[in-house]
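Have a look at the structure below before the remarks.
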Amino acid sequence: HEGATHLGIASDHVIESFRNDLWPGYKTSEGMPPELLAQIPVVETERLVLRAFRSADLDAFAAMSADAEVMRFIGSGETLDRNMAWRNMAGFNGHWTLKGCGMWAIERKSDGAFLGRVGLHHPPYWPALEAGWTLVRTAWGQGYAREGARAAIDFAHRALPPQRLVSFIRPGNQRSVK
């Protein structure tokens, strides 16, 4: 086959051709085809942009996920390594495809800084649709979680069928109770 090596491994040219055939214009600054990004709505608040996770978010998301103080009340309370952070980001974007809702990356409008995640979570083993959030420590205490959660809840009421909406907050996490 033209463009393949003797080992049957596709050359860069064949890969590029495949990508162009599958996703015309696939090259975006985010590294994700625009058609897929379009499935995840962008929501803007006064200070925030809630958007799909991008490959470029990995460094900031992995750093946040490796911070023991940030992760103390999230899930099992364990930090995540870079590979698990990547899998979480991919899972957040995939949740949108499977459930029509999911987590957004939080970007501060004023400077484009990555602040964390906020959105809706409802895997099949979860008792109800949940609004949740996790922010980098430097964003704590500034109302970003509340602002993003309000936008996520508003999205749920406008875009999803009526259903029970909860937010599970672990004991001791007083910041999230406000």
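The values are calculated or read from the model by the stated rules, or taken from the named source; none is laboratory data. No experiment lies behind these values; they were computed from the predicted model shown. Cβ atoms come from the backbone with ideal geometry, glycine included; neighbour counts cover every protein chain shown. The accessibility values were calculated without ligands, DNA or RNA, using every heavy atom of the protein model including side chains. Shrake-Rupley method; radii C 1.70, N 1.55, O 1.52, S 1.80 Å.
Compute, for residue 110, the solvent-accessible surface of its heavy atoms (probe 1.4 Å) with the complete set of protein chains present, and express it in square angstrom to the nearest 10.
Rounded to the nearest 10, the figure is 100 Å².
With a 1.4 Å probe and all protein chains kept in place, how much accessible area does residue 150 have, in Å² rounded to the nearest 10?
Using a 1.4 Å probe on the heavy atoms, I get roughly 150 Å².
Given 0.36 nm per residue, what is the gain on full extension from residue 158 to residue 125 after removing their alpha carbon distance, in nm?
Full extension from residue 158 to residue 125 adds 9.5 nm.
Within region 82-174, list the chymotrypsin sites (Phe, Trp or Tyr not before Pro) lying in a DSSP loop whose Cβ has at most 10 other Cβ atoms in a 10 Å radius.
125
When 1/r is averaged over all different Cα pairs and the result inverted, which Kirkwood radius in Å belongs to region 86-178? If you can, show how the numbers build up before the last one.
Numbers: mean 1/r = 0.0719 Å⁻¹.
Value: 13.9 Å, from the Cα pair sum.
So, in nm, how far is label residue 108 from label residue 42 when the simple model puts each one 7 Å beyond its Cα toward the Cβ?
Spacing of the two 7 Å Cα→Cβ label points: 2.0 nm.
Using a 7 Å offset from the Cα along the Cα-to-Cβ direction at both residue 56 and residue 99, what is the distance between the two label points in nm, to one decimal?
So the label points at residue 56 and residue 99 sit 2.8 nm apart.
Would you calculate the convex hull of the Cα atoms in region 30-169 and tell me its volume per residue in Å³?
Per-residue hull volume (Cα only) is 112 Å³.
Output the relative contact order of region 72-160, whole-number percent, from Cα pairs under 8 angstrom with separation of 6+ residues.
Details: 97 pairs, mean separation 16.9, N = 89.
Averaging sequence separation for qualifying contacts and normalising by length gives 19 percent for region 72-160.
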